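Where a number appears in this text, it was derived from the coordinates with a stated rule and is not lab data. Keep in mind that what you see is a predicted model, and the values were worked out from it rather than measured. For neighbour counting, all protein chains shown are included, and Cβ atoms are generated from backbone atoms with ideal geometry for every residue, glycine included.
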Amino acid sequence: MMLRIEKITSSYGRIAVLRDVSLDVAKGEMVALIGSNGAGKTTLLRAISGVQPIGAGTISFDGKPIDALSAHARVRAGIAQVPEGRQVFAPLPVADNLRLGAWTRRDADIDRDLDDIYTTFPALAEKRHIAAGALSGGQQQMLAIGRALMARPKLLLLDEPSMGLAPMLAEQILANVAALKTRGLTVLLVEQNAHAALSIADRAYVLETGRVTLSGESAMLRNDARVREAYLGL
């Protein structure tokens with residue numbers, strides 16, 4: 001398994017947010033996390049990336065425990081997160097935002113990877129010298145994904161990539177996300193649009209009030225009566 005989480009707990013002060021959460025993500029797999037607001041999805045991604053402490057349990061990445069690693073050490077190990085709300089560096093040009101994604105690297109392929117991002121997201125190529133804050137919401141999401149890809153991650157954590165976007169833009173972004181598998185990336189996706197998430201992911205976990213209540217192949221969960229009623233509006 002690329003990622004293995006075993007019975008982790010996490011809290012904000014006295015408020016328990018994650019309770020004995022366990023999940024696996026295999027190499028090259030796209031796994032979705034679905035659940036209502038406040039279920040703990042973002043907290044789980046933050047715990048994996050190392051910016052949210054865990055109180056118990058273990059997190060293993062690429063066969064090694066990473067509980068004691070700092071957030072920047074986890075980036076160096078191969079974990080990159082696209083945060084909720086994009087969080088681009090608004091005053092900086094697009095090109096500089098992308099280069100910041102490669103801050104842990106010292107290899108000679110950064111420019112080549114930058115060109116690859118521009119090929120993947122042509123809208124960014126056209127605006128490479130424009131301040132990131134002047135981009136549309138969809139373009140900022142492309143930039144946030146591209147910035148994470150510049151780290152050459154083995155595992156990409158995506159937090160609500162379609163949030164706040166018009167339906168057509170959201171569809172485009174999720175198509176870009178689906179295409180990430182062709183890069184050989186392993187992806188853990190949190191997405192408010194459960195139908196879309198289950199359409200592109202191999203497997204999924206349902207998180208409710210900090211606990212995993214259901215898991216399985218996406219096709220199975222799309223046909224589960226509880227999922228259909230609670231998250232698919234069927």
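Compared with the alpha-carbon gap, the fully stretched path from Ile15 to Asp116 is longer by 32.1 nm at 0.36 nm per residue.
The mean sequence separation of alpha-carbon pairs under 8 Å and at least six residues apart, normalised by the residue count of the range 1-74, gives a relative contact order of 38 percent.
Note on the range 105-158: Rg/Rh from Cα positions, Kirkwood definition for Rh, rounded to two decimals, is 0.97.
So what is the relative contact order for the range 115-223, in percent, with contacts set as C-alpha pairs under 8 Å and at least six apart?
Reported as a whole number, the value is 18 percent.
Distance between the pseudo-spin-label points of His72 and Lys181 (7 Å out from Cα toward the beta carbon): 3.6 nm. 3J(HN,Hα) couplings calculated from phi for the range 188-204 with the Karplus curve 6.51 cos²θ - 1.76 cosθ + 1.60 (θ = phi - 60°) are, in sequence order, 10, 10, 9, 8, 5, 7, 4, 4, 5, 4, 6, 7, 10, 8, 6, 9, 8 Hz; Gly and Pro show x. Think of each Lys and Arg Cβ as +1 and each Asp and Glu Cβ as -1; about the Cα centre, that makes the dipole of the range 33-130 roughly 280 debye. For the chain, the dipole from Cβ point charges (+1 on Lys and Arg, -1 on Asp and Glu) about the Cα centre works out to 460 debye, to the nearest 20. Positive end of the dipole of the chain (Cβ unit charges, origin at the Cα centre): among Tyr12, Ala151, Pro122, the Cα lying farthest that way belongs to Tyr12. Across the chain, Cα pairs under 8 Å and at least six residues apart give a relative contact order of 27 percent.
The base-10 log of I(q)/I(0) for the chain, evaluated at q = 0.13 Å⁻¹, reads -0.76 [Debye formula, identical scatterers on Cα atoms, solvent excluded].
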